[in-house]
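The numbers here are math on the coordinates, done by the rules we state, and not lab data. Every value quoted in this text rests on a predicted model; they were computed, and no experiment measured them. Counting neighbours? That spans all protein chains shown, and the Cβs are built from the backbone with ideal geometry, glycine included.
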There are 2 protein chains.
Amino acid sequence: MKNIYIVGVGLIGGSFALDIKKLYTDVIIYGIDKKENHLDEAIKLNIIHKKGEIEDLKNADLVILAIPVDATLEVLPRILDHISDNTIVFDAGSTKEDICAVVKNHPKRRNFLAAHPIAGTEFSGPKAAINGLYKNKTNIICEVEETAFKLQKKALKLFTELGMGIRYMNPKAHDKHIAYVSHLSHISSFMLGKTVIEKEKNERDIFDMAGSGFESTVRLAKSSPAMWTPIFKQNKTNVIETLDEYINNLKHFKTLMEEGDFDAVYNEMETTNHIKDILNGINRN
Amino acid sequence: MKNIYIVGVGLIGGSFALDIKKLYTDVIIYGIDKKENHLDEAIKLNIIHKKGEIEDLKNADLVILAIPVDATLEVLPRILDHISDNTIVFDAGSTKEDICAVVKNHPKRRNFLAAHPIAGTEFSGPKAAINGLYKNKTNIICEVEETAFKLQKKALKLFTELGMGIRYMNPKAHDKHIAYVSHLSHISSFMLGKTVIEKEKNERDIFDMAGSGFESTVRLAKSSPAMWTPIFKQNKTNVIETLDEYINNLKHFKTLMEEGDFDAVYNEMETTNHIKDILNGINRN
């Protein structure tokens, strides 16, 4: 690999650039971003070598697309229009169904690998890019059979070198499951933040009482609305289903409290404590 | 200070013991716990020096009560029955109204300081005790005017030496505000865990897709039901109020999604992003 183009030089794209530069010391990393100041910042932070253009992509060995999922629907086909037969393109979006659908009949469909690295932080922009973000993380790859085998191999080699584990899934199952383990927890966190901020308006200094538990639970409420709004839009049906189940569970818990059935309240929590073992499983990966 | 009794040698009591032993090298720390194996463990882990009995408390300079808040209602009056005039007793419970009420007319009320150190982790038991747990944490003290001034000073000196900041509050305000910044986030986390675990029953491997964001949001769902059930019971009215507001905010978010009003979805998140500054404030403490 010689010429690598990163489209979207934020947390996700920038972190790919940082690790790739260490792995392949002779590559040139080009950045493409609609925000000119992000490109300048990415150069200054030694994330990318230089600025690039969509029109230059015929020279690309690899294109990594890491922009909000609504913009991906528009930019991905344009990228495929410009690449050569030997270019592999992968995305990193948190939805997969719409993205796979938009390129379904593109003549260069076999140059695209639909990916979702389960990695990130609540921060965004080039400054948020960090080394080793992808180490020991899961990368979910969708409809792998639609990608040319030779190009798959190129991308998978990179993922392995970055330390990622691969899981194959169809886009429909991906979007349904990720709604539970990622999209819902963002909403629960945002709404928890909202509930407490609203209270704070009337009652000062409530946050002086907040500890590390609150901080952990509300961490995702720092996330970028520009990134998350299109995710919720594209995954609307699944996210609404998870919200329904979450709201019902909260209502049930409230009813148990209202009825004074604290044995049942205890059981609700004890059953859910099982999450310990599950999270230990995550950390073992 | 010479004889210090820790009633409840778990995360909170054990962590007090560890730090106090470093500050006052010549004290003897006695442990009292209804679980004999916790006392043995606490001795083995060098948390306490020896086992004690409620009946010995006349020799105590300081008693720290760190047991679930339902047990506190029963044990605190018994402790006050046994102490000397010079003993200071403080608790560490996450509710304050019922605890202050139960000793309101006790002849030794002025030997008790109602405290709530905002510190802890999702773990419990002697093994969970850690050094420096209280450094830079807030300690909320309720109805300080009910405690003898000389004894207040003794406790406040210790809190300062442990690195804690003090906030004074009345028990009613404490219980109302802590419902928002602590009790609600535990329920939101438990119910998020429940929602995802229920899904997992039918759809295997969903947790392979979970990342650090989910882990952070669901962390409190590892907490001890034995500790949290009595907290929710004692603070029932306030917790139900926070749950109502939280459920309404979630329902509103769901309605916006159903109506396809993603500009409003964006605004919901952007407004709540303000939580960043608030959390930075917490970390500066």
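Things worth noting here:
- Applying both filters, DSSP loop and at most 10 other Cβ atoms within 10 Å, to the GluC sites (Glu not before Pro) of segment A:37-94 gives A:Glu53.
- Gaussian network model of chain B, springs between alpha carbon atoms under 10 Å - residue of B:Glu143, B:Glu258, B:Glu122 with greatest fluctuation: B:Glu258
- Counting neighbouring beta carbons within 10 Å and listing from fewest to most, the residues B:Ile28, B:Ile140 come out as B:Ile28, B:Ile140.
- The protein assembly as shown: antiparallel DSSP beta bridges as a percent of all, rounded to 5: 15 percent
- Hz values of 3J(HN,Hα) by residue in segment B:24-37 - Karplus curve (6.51, -1.76, 1.60), Gly and Pro given as x: 10, 5, 9, 6, 10, 9, 9, x, 10, 7, 6, 9, 4, 5
- Label 7 Å beyond Cα on the Cβ vector: B:Glu55 copy-to-copy distances, nm: 9.4
- Placing a label point 7 Å from Cα along the Cα-to-Cβ axis, B:Lys251 is separated from the same position in the other copies by 0.7 nm, shortest listed first.
- Rounded to 5, the percent of DSSP beta bridges in chain A classed as antiparallel: 15 percent
- Other-chain or far-sequence residues with amide H under 5 Å of A:Asp91's (modelled H): A:Leu65, A:Leu113, A:Ala115
- Prolate/oblate/rounded label for segment B:12-85 (Cα gyration tensor, a/c 1.5): oblate
- Residue exposure sequence - A:Ser124, A:Ser182 - by fewest surrounding Cβ within 10 Å: A:Ser124, A:Ser182
- As a rough footprinting exposure proxy, the listed residues A:Lys137, B:Lys50, A:Lys35 were ranked by other beta carbons within 10 Å of their own, and the order from fewest upward is B:Lys50, A:Lys35, A:Lys137.
- Beta bridge orientation in segment A:3-170: antiparallel %, DSSP, nearest 5: 15 percent
- Candidates A:Lys222, A:Lys150, A:Lys251, ranked by Gaussian network fluctuation over chain A, Cα under 10 Å, top entry: A:Lys251
- Built from the Cα atoms of the protein assembly as shown, the convex hull projects on average onto 27.0 nm², one quarter of its surface area.
- Three-way shape call for chain B based on the alpha-carbon gyration tensor, with the a/c threshold at 1.5: prolate
- If you take the Cα centroid of segment A:188-226 and the Cα centroid of segment A:21-37, the two points sit 36 Å apart.
- Anisotropy class of segment A:174-284 from Cα gyration tensor, a/c 1.5 cut: rounded
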